[in-house]
Amino acid sequence: MARIGRLAFLAIAVVFHMIYSMSIFDVYFVSPIVSGMEAFRVEVAKAPAKRLVLYVGDGLRADKTFQYFPDPSASSHDVSTQEPAPLAPFLRSRVLEHGTFGVSHTRVPTESRPGHVAMIAGLYEDVSAVMTGWKLNPVNFDSVFNRSSHTWSWGSPDILPMFSTGAVPGRVEDATYGHEFEDFSKDALELDIWVFDRVKQLFKDAETDAELNAKLRKDKIVFFLHLLGLDTTGHAYRPYSKEYLQNIQLVDKGVQEITELIDDFYDDGETAYVFTADHGMSDWGSHGDGHPDNTRTPLIAWGSGVAKPVTVRNGIAPGHEDKFSNDWHLDHVQRHDVAQADVAALMAYLAGLQFPVNSVGELPLPYLATSDKEKARALLVNARQILEMYRVKEAHKMETVVHYKPYAGFADAEHSTEHRLEIIEKAIGDGQYIEAIVMSHNLIKLGLQGLRYLQTYDWLFLRALVTLGYVGWIAFAFTTAVDAYMLDGKVEASRSTISIIAFGSVLVALYSYLFVSSSPPTYYAYGIFPVMFWEEVFVRRRALVEAKNKLSSKLSKQDAVKLLLNLLAYIGILEVMVQSYYHREIYTIAYLLAVTWPAFYGMAFVRKNWTLCLTWALSCTAMSVFTLLPANKVEDSNLILLGGSLILLIGVLYIVFEKSLLVQAAPAREGMGANKADGLSRALIGVQVGLVALAMVVTRSSVTSLQAKQGLPLGTQVVGWVTLVASLVVPFLHAFSPNDNYLHRLVIIFLAFGPLFIILTISYEGLFYFAIATTLVSWVRLENRISQAASTSNPTPNGQPLASELQNPLKPAIAAAKHREAALQSGDFRALTLSDARICLFFLFLLQSAFFSTGNIASVSSFSLDAVYRLIPVFDPFSQGALLLLKLLAPFALVSANLGILTNRLKLRGGSLFAVVMGIGDYLTLRFFWEVRDEGSWLDIGESISMFVIASGLCIFVAVLEALSETFVRGVRFDGGPVSTGAVHSNGGLNGAAKGSGAKSKGDKSR
Ligand SMILES: [Zn+2]
């Protein structure tokens, strides 16, 4: 293999990170669905209920269901309605007099689909299923509906089809409204009214339709009412809003009407009712992560077969220990919490259905109105059903694994599942029901642990493989950087037949093992990267040795110690970055420390560049504020306009002072400032500034009408889109009037993303955009002044940089700058030196802070959808998510443009800094890979996944940014330096002398 080109390197970076970021799904989140199980049913003479009604209030939080509020529907002047009262009096009456209640704890991701799957199918879907199909099923699974004789369902087209399509044909009937009906800006109560009306219509039709009437009177039927209104109002107005509370009132009234209607229709008292929610809703109107507000949903069951409330006369009844329900005024009623999958088992039991075969739910016995004997029998069946899953999975594992090691809990005859089941049967026969219940409960637990054991069977092997891959990538990236940017590609690879055979046989052995274990195709992909990377590192070991010699020949012992200390400091900084994922405040401290950075170059330097140092200090201070603000923002049109005004101000100031600024920026070359600041260029900047102003006007108008719930006027929406598109297109027109000054280029890029930021801003993000832009520009200018200061203070710029920079680790840039100046004069590219690692760390830091300053890592859902409704008012997760992503990425464009300019300015070959960044960035990825959790607190799980995904996403992103920065800085001239031309880029290839295909295509492209 010839030395790879720069583009090839980027391509490998992207492909590797994409494939490896999927690895957590193979390691941690493997689908629990298997097939081939026998179905089990609790055999009783008569089922507890003839039919079951399931109400799901999509996005209903447990506390809001029960807390007291002043009547949200009444006018605020009416004093009599200010007295707090329950919002759902009917549901409350079920809890107080008729049934059993508790909190149903859901798992992450707290989204509608996994929530419904858990409560209706009894299984916790793996996260990857959610990634591959937000709406449609990748796999068919069994469900309570599928076990019914017939199910009628009404609700959202996003939810119902996943239960009807996988079921026995004709068994599950669904009636859905159209997607366009889910218009976020309108009143979402309509969604629930639609469902209630349809149900009423069905029973009305039955009066005249004899066939339907007969069908409705069959046993084992299920009605499912999916009430999406709450989710929609929760997103749009947040759970404390009067809209959300009013929606609860409406749902309660609807549930009451339907319950009474059904009771009247059958008039046999043989209907069981379950009311619950798929997930909760956070205070800022989102869900998805493991915040308790998202995972705690209400569960109320009543009707035939359901136990009546257990109350205490004095004090607090059991179940309220967590104090969560303190303000529900239900202290005297016993609360029975369940895991969400338990709801499926409960429903199957109540309607006399078989348990769904993949269900991991445990029957919540306190909900059953039956004798201990029946409870013991039912739970035993439940245990059998879960052990059946274990049996099938274990058989499957035994077939595929070379040396299967059975689960210790069931390993010998004494502890086998059959033996344990016999003991429980005997206890029931002997009338020891309570003992039998305890044993069944323990057996279920053990069975679930056994399933867990099988689920994590491959972990050690897979995690080792993935770690080898990441470490291999880091080694590969550094080898590439050393080889191409430090040694200028002078050391040839020493690939021999023996090395090819050796690495080839490793791959063959690995693949054979994967084949014998019937591994999924992705495993093969995980396997090839470590072998490939390590092979490349191995054959380039001479380059590494060479680099080491180059270093050590100039190193005294003292220097070596300093080098080591430097490296340790860099790793320390990386570790700080890891911690910053957990504590955003670290950015605040880091920015405040950064204020003092220029002082390390001496007071004389600060005095000479005091305006620049002041700008740097002010912008760093401004940046330090954002990570102290709450990440969960509330819409604030004043802040939006303030941020917009600052962006506008920069544009206007630039137009006014353009000439003098450009003169200032080019002090080294007289007369260069008075360059082509011609009419067209000024006019285009003017248009860009105008678009920023327009964006402010249109955003203000859409915020006003959305807040007033008048929907989004079509005109406003169109103007918003036109502004957005125009702001991204107009900058390209600058090609007709090129101005190669770097400041000019940065202003264009800054203004290009300005309108996008204003339109999609919720509160302070506009201010952040302004602050990070000034920080970046001051950084680039400071680096420039530092190298200028170094070159004037040291008139002989031919010194070897490495030794001197090591003598004072705090001044590496000055040392490196000497060499840079030499390179500048000769027009060469300088080699990468150790001090550039500091620039890479700065870059990585700015990159991460661009991400964390406006969002909270703990919940990706903190990136609220609020702003996106201004452009797309109808729920459409993919387009809305794409827009949101665009907004998140806009600051990165600034960061990358600045690094591109810096690379250019520092006379480094394009891509050299990026290669190092990509290497060190994966330190974070690997750290977070091992931190991923698939059990424990659901908050931790969600967080751990987000961190890994973000860290590895950033690595992919750096690769994309490099390509971007190439475009951004093409032809840019930096403060009197020569114009960066196509020739620069063709030299910028990894091959040094532009002999690789990647380098060539770069050179061609820039022409
Ligand atoms: Zn939702």
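Some notes on this structure:
- In this simple spin-label approximation, Ser35 and Trp930 carry label points 7 Å from Cα along the Cα→Cβ vector, and these lie 4.0 nm apart.
- Label-point separation in nm, Gln256 to Thr165, each point 7 Å along Cα→Cβ: 3.9 nm
- Stretchable slack from Glu418 to Ser73, in nm (0.36 nm times residue separation minus alpha-carbon distance): 118.3 nm
- Sorting the segments 916-922, 66-72, 845-851, 33-39 by their mean number of nearby beta carbons within 10 angstrom, highest to lowest, gives 916-922, 845-851, 66-72, 33-39.
- For region 263-334, the per residue solvent-accessible surface stands at 39 Å², with DNA, RNA and ligands left out and a 1.4 Å probe.
- Residue ranges 95-103, 353-361 sort as 353-361, 95-103 when ordered by packing (mean number of other C-beta atoms within 10 Å per residue, highest first).
- Rounded accessible area per residue of region 739-794, 1.4 Å, Å²: 16 Å²
- Accessible area of region 491-590 belonging to carbon and sulfur atoms, whole % at 1.4 Å probe: 75 percent
- Kirkwood-Stokes translational diffusion coefficient of region 672-751, alpha-carbon pairs, 20 °C, 1.002 mPa s, µm²/s: 152 µm²/s
- Counting only protein heavy atoms and a probe of 1.4 Å, the accessible surface of region 203-242 is 49% carbon and sulfur.
- Here the gap between Val516 and Val652, fully extended at 0.36 nm per residue and compared with their Cα-Cα distance, gives a gain of 42.2 nm.
- Whole-Hz Karplus values for region 312-323 come out as 10, 7, 10, x, 10, 6, x, x, 9, 4, 6, 6 Hz, taken residue by residue from phi with 6.51 cos²θ - 1.76 cosθ + 1.60 and θ = phi - 60°; glycine and proline positions read x.
- Region 3-50 versus region 587-613: alpha-carbon centroid distance in Å: 50 Å
- Rg/Rg_globular for region 1-119, with Rg_globular taken as 2.2 N^0.38 Å and Rg from C-alpha atoms: 1.94
- Where Rh is the Kirkwood radius over Cα pairs, Rg/Rh for region 445-526: 1.17
- Straightening the chain between Trp610 and Leu567 buys 12.4 nm, computed as 0.36 nm per residue apart minus the Cα-Cα spacing.
- Residue order for Trp534, Trp328 - accessible surface, 1.4 angstrom probe, largest first: Trp534, Trp328
- Carbon plus sulfur fraction of accessible area for region 679-792, probe 1.4 Å, in percent: 74 percent
- Mean Cβ neighbour count within 10 Å, used as a protection proxy, ranking 578-588, 219-229, 605-615 highest first: 219-229, 578-588, 605-615
- FRET efficiency estimate (nearest 0.05) - Cβ-Cβ, Val625 to Gln82, R0 45 angstrom: 0.75
- Förster-model FRET efficiency, 41 Å R0, Ser499 and Ala735, C-beta, rounded to 0.05: 0.25
- For region 382-426, the equivalent ellipsoid derived from the alpha-carbon gyration tensor has semi-axes of 22, 13, 6 Å in decreasing order.
- For the cross-link pairs Lys46/Lys204; Lys46/Lys218; Lys50/Lys253; Lys46/Lys220, the ones whose C-alpha atoms lie over 19 Å apart are Lys46/Lys204; Lys50/Lys253.
The values are calculated or read from the model by the stated rules, or taken from the named source; none is laboratory data. Because the structure is a prediction, the values reported are computed rather than measured. Cβ coordinates were reconstructed from backbone atoms using ideal geometry, including for glycine residues, and neighbour counts include every protein chain displayed. Surface accessibility is based on the protein's heavy atoms, side chains included, excluding ligands, DNA and RNA. Shrake-Rupley method; radii C 1.70, N 1.55, O 1.52, S 1.80 Å.
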